[in-house]
1. For the stretch A:172-296, what class follows from the C-alpha gyration tensor (a ≥ b ≥ c being the square roots of its eigenvalues): rounded when a/c is under 1.5, otherwise prolate if a/b is larger than b/c, else oblate?
2. Quick one: grab the alpha carbon gyration tensor of the stretch B:3-117, order the square roots of its eigenvalues as a ≥ b ≥ c, and give me rounded if a/c is under 1.5, else prolate or oblate depending on whether a/b is larger than b/c.
3. Find the centroid of the Cα atoms in the stretch B:29-64 and in the stretch A:117-183, then give the distance between the two in whole Å.
4. Compute the distance from the alpha-carbon center of the stretch B:69-94 to that of the stretch A:270-313, in whole Å.
5. Normalising by the residue count of chain B, find the relative contact order in percent from Cα pairs under 8 Å and 6+ residues apart.
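Coordinate-derived values only; no laboratory data. Treat the numbers as computed from the prediction; the structure is a model and nothing was measured.
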C-alpha cells in the first residue's frame, strides 16, 4: 500500500466498533465458527502506523489500492486477548464434536452430507488447497519445512508433516491450543517433527526465508493488519517457497463502489463482534498485497460454493444433545459465537461473505 | 521445546538487529526418547546453525556435541546419535528464552515458548 489510506481509531473502543467508523473498507476475514476453536488467529499489532491518520478512501475498485483498516496498539491488544480467550474457552468443545481440524470442509456442490462426511471434507479442503497451489507430491519438490500460521490445535500441521515427512511449526495466540496441539502430536508420534509456539502472526519469531510452505488456513480473518500479515507470510517464506492463504473475505467491490453497502457492513459487524474479527477485506485486496510484494504465480478463487454445507452442519451439531450440553460447559464467548452462526449462512446467501483461497510463490532469488 | 525448535526461533523485538540465537534459561529439562530417522537428520543438518545448537545443548546439560561439524560426519553412527539426541530428545519444559540483545525473557511453560511481544516491543 502506498502512503495512507488507513483510518485508525484513537480510542480504546472494542475493536468491533472500529468498523462503525465511516468510510474505510472493512473487510472481514471470515468469521470463525463459534463452537469451533479455529486455528488460533494471530493478531498483530501496528508497528509504524500512527495513532490517527485521516482516512483516504481510494477511488475506483479497479485502480485502487487495498483499503485496509488497521488498529491502534491498544485495540489490537484487546482483540488479541479476546481471540486467545475465545479459543482457550471453545477449543475443547470443537475438538470434542468436530475433531482436530478447525476449518471448513470442501464439499461437492449440491451434495447431501452427514456429520460423518465432514472429517473427510476437511481433509479434502487441505488437499484441494495444496493442489490449487500446484504443490506436488514429487519427492524432490515437496516441502520440507512448513509453518502453520494460526494453527489451532494443530490439525493441519500434523496432517502436512505426515503427508510430506516434513518439519512443521505451528503458531497460535492461544496457550491452551498450543498445549493441546503438542499433546496430540506426541500422541501421534509426531513429536519430533511438529512443534507449536504461542506467537503472533504479525510478528513471527522466525528468521527470513525459513519455510518452503507457508500455510494459513482460516486464520487471516483475525488479522487486524492485513498488510503486516501478508508481509510476514512473505518474509518467512523461503525463495521458491509457496504461500497458501485460505480465508473469509467479503465480496470484491465493483469499480464504482468505495465500500460495502451499509446493510452488508451491519451484518459483518455483528459477526465480527462474536468471533473477534477485525476489519474484513476482499479477495482482490489480498491479491493486490501479494502483487505489491512481487510474489509470483498469484492465484485466487472463490470457493464459497464448495463450503456451503459447513455452517448448517455446525449449527446442527450445536443443537444436538451433545452440542447443547457442551456449550453449557463452555462460556459466554462460545455461546455467543454459536448464536451468530445463522448470520454466516445469511452472509453467504447474500454473497457478502466469500470463502477464498489465494496462493502464490516467492521468487527463487 | 526441543533444540530443533530453538534453532529457528529469534527475537523480533523492535530495534533488535540480531535476535538469534536466543539464550536459554533452564528451570526444567526433560529427556524424551524419539525414534532416530536418518533422512530427517540429514535434511535438518544442512539447515541447522551448528554453534547455536552446541551452545544450547550445553546449557541443557549435554556436552557431547563437537564444536564444529560437517556433513561427512553424518556417516558416523555415533555422531548421528549425538546429533539426534541433542536436536530432538532434550526438552526445555520450564524456563525462558532470552533475547541476546535486550535480555528480554520469553517464557517457556510446559514445553511451549511464548513469543508474543509486549505493546512497547512492536
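1. oblate
2. Details: a/c = 2.19, a/b = 1.59, b/c = 1.38.
It comes out prolate by the Cα gyration axes.
3. 24
4. Measuring centre to centre over Cα atoms gives 42 Å.
5. On the way: 189 pairs, mean separation 45.8, N = 122.
In percent, rounded to a whole number, it is 38.
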